[in-house]
Amino acid sequence: MLRPMPRSGRFDSVLASFALPVEAFRRRREQWLSPAQIAVVRERRLAHVLEAARSAPYYRELLARYDAERAAPTAILAGLPPLTRQIIAAHGLDAFLTRDRRTLFSVTTSGSTGEPAVFFRSPREEAEFSARWWRVYSAYGCGARDTQVNFTRSNVRPRKGMVKLLRRLGVVPQVVNISTADPIENGARAVMELRPQVIGGYAVAIESLAEYAMERGIELARPRLVVCAAMDVTDHCRDVARRAFGAPVANVYVTNEMGVIAWSCPVRSEVLHVNDDVFVLEILDSDGSPVPDGTSGEIVLTSLTLTSMPLLRYRTGDIAARLPGICNCGRGLALMTPVQGRSAHAIRSADGRLVTAPLVAGAFGAAGAYAWVRRFQVREEAQRVLRVLVEPRRAPSETESAALVRQLEALLGAGFTIRIEHVTEIPLAPSGKFQYVVPLDAGRAARPAVRDAAPAS
Ligand SMILES: [Zn+2]
């Protein structure tokens, strides 16, 4: 949620309205640079961010041992310890700010693990966040004047100040937010009335709307783009959305604290483009060592645009792999796999692998279980019991149930007792999000990343 700007920041706010078109132009242009040119831009921005970070007490101490004139920015960055929400909480927010917080927006993230956290950014930085959304929209032929319907968490308040003004002027799109806590009929009605060009939000809400429309034979007005974001995006979700809306479905990796990090290539929908002109994206193993391309690990991010509260080597808890090579769409932005889930929402298999929501959803798909399963949640209990809560479309045959159990056993390895339980409704988490996989140590594994930033202007 975005808090309104205090009076002292209003001037910044006006400046930011000019920054938005400038940043949007840069984001549009930079994606077509070659990887080598992007690396030069990245290095320059990294040097700038490291310099700014020296004004924040936490970083001043860490950076004191480096001579900014002589050490390469990437080498300095590599020497910094990864940052977590717990570290921010332990040092206090002021240790991370380089500016008076009264000139900044505060952004409160709900946290999927129930641990809210506050981040600050300037109106200008906020404008750059919007520019990255524009990069995604324009790649799919959408423009600033397109209407959007967003399915988002229940407590998002309408934005005030600059963004509201720009919306009124028609510079940024009209956005209608619909709470995931509302009945799905409301969402369907809004889509039919507004006929939005962009439909976006939590993947599970998009999936529910798509299922609702298909089951009732409702023809939804065809948008130009469907954005699945902010949660574990499964193949099933994208497939259902593509069929129901007849539009391209983009998987957008976005967090509240970082904005849009990566997004589906419009030409190769199975890979994401990393916004690596404005991020240093590292993939680390559980020891914190970098892994080779093609190997999954935790995404650790350095924002190259946040200088009021620099976030350097920030651990997201999200799992993905970088991919080698360049894309045939012509963009020089690096490639990665879709996010394969979150380490905090994963179960350890018998052989120690992290089994995340997209993998579990894959097992449902392989078993043909979506023919009878509308929605599921897998809960790990003590003594390696796995409760598979299922909202059924219809009663399955014995063969169908057995096929699902077999697929889950194959995924998790021996040693799990799998119990399928039919329920009428799987509740959303208090944050308004849906969690497919609830591990036994969910509380202890609480991790920093938040993926609840819904598509916005
Ligand atoms: Zn591409």
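The values are calculated or read from the model by the stated rules, or taken from the named source; none is laboratory data. All figures in this text were calculated on a predicted structure; none of them were measured in a lab. Note: ideal-geometry Cβ built from the backbone for every residue, glycine included; neighbour counts use all protein chains shown.
Looking for something assigned to a helix (DSSP H, G or I) and either of a type in the set (A, V, I, L, M) or not assigned by TED's automatic domain parsing to the domain that holds Ser106 (or both) - is there at least one such residue anywhere in the stretch 266-273? No; the residues of the stretch 266-273 include none that is assigned to a helix (DSSP H, G or I) and either of a type in the set (A, V, I, L, M) or not assigned by TED's automatic domain parsing to the domain that holds Ser106 (or both). In this structure, does Val278 turn out to be under 30 Å from Pro123 (Cβ atoms), among the β-branched types (Val, Ile, Thr) and touching a residue at least 12 places away in the same chain (Cβ under 8 Å)? When the stated conditions are applied, Val278 passes them.
Within the stretch 320-332, residues that are in contact (Cβ under 8 Å) with a residue 12 or more places away in the chain have Cβ atoms under 8 Å from residues that are more than 14 Å from the ligand (Cβ to nearest atom) and hydroxyl-bearing (Ser, Thr, Tyr) in these pairs: Ala320/Tyr253; Ala320/Ser296; Ala321/Thr295; Ala321/Ser296, counting only partners at least 6 apart in sequence or on another chain. Filtering the stretch 88-115 to residues that are of a type in the set (Gly, Ala, Ser) and modelled with pLDDT of 85 or more leaves Ala89, Ala90, Gly92, Ala95, Ser106. Here Val227 passes the criteria (1) assigned to a strand (DSSP E or B); (2) within 16 Å of the ligand (Cβ to nearest atom) except the one numbered (2).
Just checking, which of Gly352, Gly341, Gly325 is small (Gly, Ala, Ser), on the phi > 0 side of the Ramachandran plot and within 16 Å of the ligand (Cβ to nearest atom)? From the options Gly352, Gly341, Gly325, the qualifying one is Gly325. Of all residues in the stretch 339-358, those satisfying the criterion of being of a type in the set (A, V, I, L, M, F, W, C) and either in contact with a Lys or Arg (Cβ under 6 Å, 6 or more places away or on another chain) or crowded, with 21+ Cβ neighbours inside 10 Å (or both) are Val339, Ala344, Ala346, Ile347, Val355, Ala357.
Every condition in (1) farther than 22 Å from Asp235 by Cβ; (2) modelled with pLDDT of 95 or more; (3) more than 16 Å from the ligand (Cβ to nearest atom); (4) hydrophobic (A, V, I, L, M, F, W, C) is met by Ile283 except one, and the failing one is (1).
Which of the residues belonging to the stretch 223-262 are polar (S, T, N, Q) and over 16 Å from Val204 (Cβ atoms)? Once the filter is applied, which keeps residues that are polar (S, T, N, Q) and over 16 Å from Val204 (Cβ atoms), the stretch 223-262 yields Thr255, Asn256.
Please tell me if Val233 is within 16 Å of the ligand (Cβ to nearest atom) and aliphatic (A, V, I, L, M).
Answer is no for this residue.
Quick one: which residue in Ala402, Ala346 is on the phi < 0 side of the Ramachandran plot, among the hydrophobic types (A, V, I, L, M, F, W, C) and out of contact with any strand residue (DSSP E or B) (no Cβ under 9 Å at 6 or more places or on another chain)? Result of the check over Ala402, Ala346: Ala402.
Matching residues to (1) within 23 Å of Ala131 (Cα to Cα); (2) away from the ligand (no atom under 16 Å from the Cβ):
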site: Ser269; (1), (2): yes, no
site: Asp276; (1), (2): yes, no
site: Gly288; (1), (2): no, yes
site: Ile299; (1), (2): yes, yes
site: Thr305; (1), (2): yes, yes
site: Met309; (1), (2): yes, yes
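When you check Ser130 against the structure, is it in contact with a Ser or Thr (Cβ under 6 Å, 6 or more places away or on another chain) and assigned by TED's automatic domain parsing to the domain that holds Pro196, yes or no? Spelling it out, Ser130 is indeed in contact with a Ser or Thr (Cβ under 6 Å, 6 or more places away or on another chain) and assigned by TED's automatic domain parsing to the domain that holds Pro196. Looking for whichever is assigned to a loop (DSSP other than H, G, I, E, B) and surrounded by 14 or more Cβ atoms within 10 Å (Cβ to Cβ) here; the options are Leu408, Leu428. Which one fits? Every option except Leu428 fails the conditions. When you scan the stretch 51-86, how many residues do you find that are touching a residue at least 12 places away in the same chain (Cβ under 8 Å) and part of a helix (DSSP H, G or I)? Count: 15. Of all residues in the stretch 236-267, those satisfying the criterion of being within 16 Å of Leu209 (Cα to Cα) and away from the ligand (no atom under 16 Å from the Cβ) are His236, Cys237, Arg238, Asp239, Val240, Ala241, Arg242, Arg243, Ala244, Phe245, Gly246, Ala247. Filter the stretch 320-353 down to the residues that are within 19 Å of the chain's Cα centre (by Cα) and under 19 Å from Val405 (Cα atoms) and list them by number. Ala346 - this is the single residue of the stretch 320-353 that is within 19 Å of the chain's Cα centre (by Cα) and under 19 Å from Val405 (Cα atoms).
Of all residues in the stretch 254-275, those that are closer than 30 Å to Leu93 by Cβ and of a type in the set (A, V, I, L, M, F, W, C) have Cβ atoms under 6 Å from Cβ atoms of residues that are within 10 Å of the ligand (Cβ to nearest atom) and in a loop (DSSP other than H, G, I, E, B), 6 or more apart or on another chain, in Val274/Leu333.
Reported count of residues in the stretch 217-240, each being at pLDDT below 90 and under 21 Å from the mean Cα position of the chain (by Cα), is 13.
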